[in-house]
Amino acid sequence: MRVGVLTGGGDCPGLNAVIRAVVRKGVSQYGYEFLGFRDGWRGPLENVTTELGIPQVRGILPRGGTILGSSRTNPFKVDGGVERIKENLASNSVDALVAIGGEDTLGVATKLAELGVQVVGVPKTIDNDLNATDFTFGFDTAVNIATEAIDRLHTTAESHHRILVVEVMGRHAGWIALHSGLAGGANVILIPEQPFDMDKVVGYVESRFQTQYSPIIVVSEGASPKEGTFALHNEELDAFGHVRLGGIGNLVAAELEKRTGKEARAVVLGHTQRGGTPTAFDRWLATRFGLHAIEAVHDGAWGQMVALRGTDIVRAPLGDATKELKLVQPELYSEAEVLFG
Ligand code: F6P
């Protein structure tokens, strides 16, 4: 058996750990050969391949990014894309594919599986918003980076009696904000699932200053205000109607400065949350996903992906990951809200 491997979508700490586990178990337990496809679906679409075997995966476990490269190429948006993929898989004698990716990459994998391509999936995203799995690798690393930033911002905020607004990733789901905000003791957490009331945020900030401490506000990049409580002066909304990446943190900081008369600063963590070495948890999860993914290949479980349920790695239909996003439930947000202010 010859197995193709690709990584698609935004990169994520732990991708290399998956690739390593897939290859090591595939070679040692099943005697498989491997071929790497470069840059997500662009690889099989344009036939851009790279050697993949034990020597290529040596030493990559702690490395961030992906040795295979990534892209957001979608073969279904390219004329004849699916046929080209099938031809290139055949000309490389690739029998099966392991596709490691998020919503878009697994969405493509789902459709290709329906069209007869022998593919299994591995879910990844730092946002943790894929359904069918309790956690995705990369999320824990992102939360730890954001938590460390919040810890550091507490001390500088205190020294200058300032408001510090920390913008974290999460266009549709507020998991990173919620987890890092709780872990870092943020005074307010704003997430996309719960449009926020700016008057309430001002209230929390003022009550925090009354205790002689400085407020830290964690805001997801996709968070937006309730209509009528805060006018967004940023015209550049993205395709989802959200303020563009890096926008909302600055807007909230400026508005708080205006309304409270206190100095405010915004810090946009951006891609630092996706770079660098994965945490031990993410290496553990990614490695287990890889081991189970190659087992799924061996079992011919086409159209399935691996997923974490509790502490077990299970299989789920690829489509389950993508049919709707896993959002922060209102109860979880209310639980955190008790600590605001
Ligand atoms: O989906 C992962 C993610 O990191 C989001 O949190 C973020 O909105 C997006 O990717 C950023 O994408 P890009 O790297 O293309 O700017």
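The values are calculated or read from the model by the stated rules, or taken from the named source; none is laboratory data. As the structure is a prediction and not an experimental result, all values here were calculated from the model. Here Cβ is always computed from backbone atoms with ideal geometry, including for glycine, and neighbour counts include all displayed protein chains. We work out accessible area using only protein heavy atoms, side chains counted, and drop any ligands, DNA or RNA first. Shrake-Rupley method; radii C 1.70, N 1.55, O 1.52, S 1.80 Å.
Brief remarks follow.
- Test set (1) away from the ligand (no atom under 14 Å from the Cβ); (2) part of a loop (DSSP other than H, G, I, E, B) - Ser28 fails condition number: (2)
- A count restricted to region 231-254 and to residues that are open to solvent by less than 20 Å² (accessible area, probe 1.4 Å), modelled with pLDDT of 80 or more and either under 15 Å from Ile191 (Cα atoms) or not aliphatic (A, V, I, L, M) (or both) stands at 4.
- Meets criteria (at pLDDT 95 or above, more than 13 Å from the ligand (Cβ to nearest atom), more than 11 Å from the chain's Cα centre (by Cα) and buried (at least 21 other Cβ atoms within 10 Å of the Cβ)) for His179: yes
- For region 131-156, a residue qualifies if it is under 17 Å from Val18 (Cα atoms), open to solvent by less than 20 Å² (accessible area, probe 1.4 Å) and either part of a helix (DSSP H, G or I) or not aromatic (Phe, Trp, Tyr) (or both), and the qualifying residues are Thr133, Thr136, Gly138, Phe139, Thr141.
- Entry remark, region 153-171: residues being within 14 Å of the ligand (Cβ to nearest atom) and at pLDDT 95 or above number 4 in total.
- Across region 34-72, the number of residues qualifying as surrounded by 21 or more Cβ atoms within 10 Å (Cβ to Cβ) and closer than 12 Å to Leu6 by Cα comes to 14.
- Output for region 100-113, where each listed residue is within 16 Å of the ligand (Cβ to nearest atom) and open to solvent by less than 10 Å² (accessible area, probe 1.4 Å): Ile100, Gly101, Gly102, Thr105, Leu106, Val108
- Neighbours by Cβ (under 8 Å, 6+ apart or cross-chain): first from region 114-127, buried (at least 19 other Cβ atoms within 10 Å of the Cβ); second basic (Lys, Arg): Val117/Lys86; Ile126/Arg274; Asp127/Arg171
- Members of region 261-276 found to be away from the ligand (no atom under 12 Å from the Cβ) and either open to solvent by 30 Å² or more (accessible area, probe 1.4 Å) or modelled with pLDDT under 95 (or both), listed by number: Gly261, Lys262, Glu263, Arg265, Ala266, Val267, Gly276
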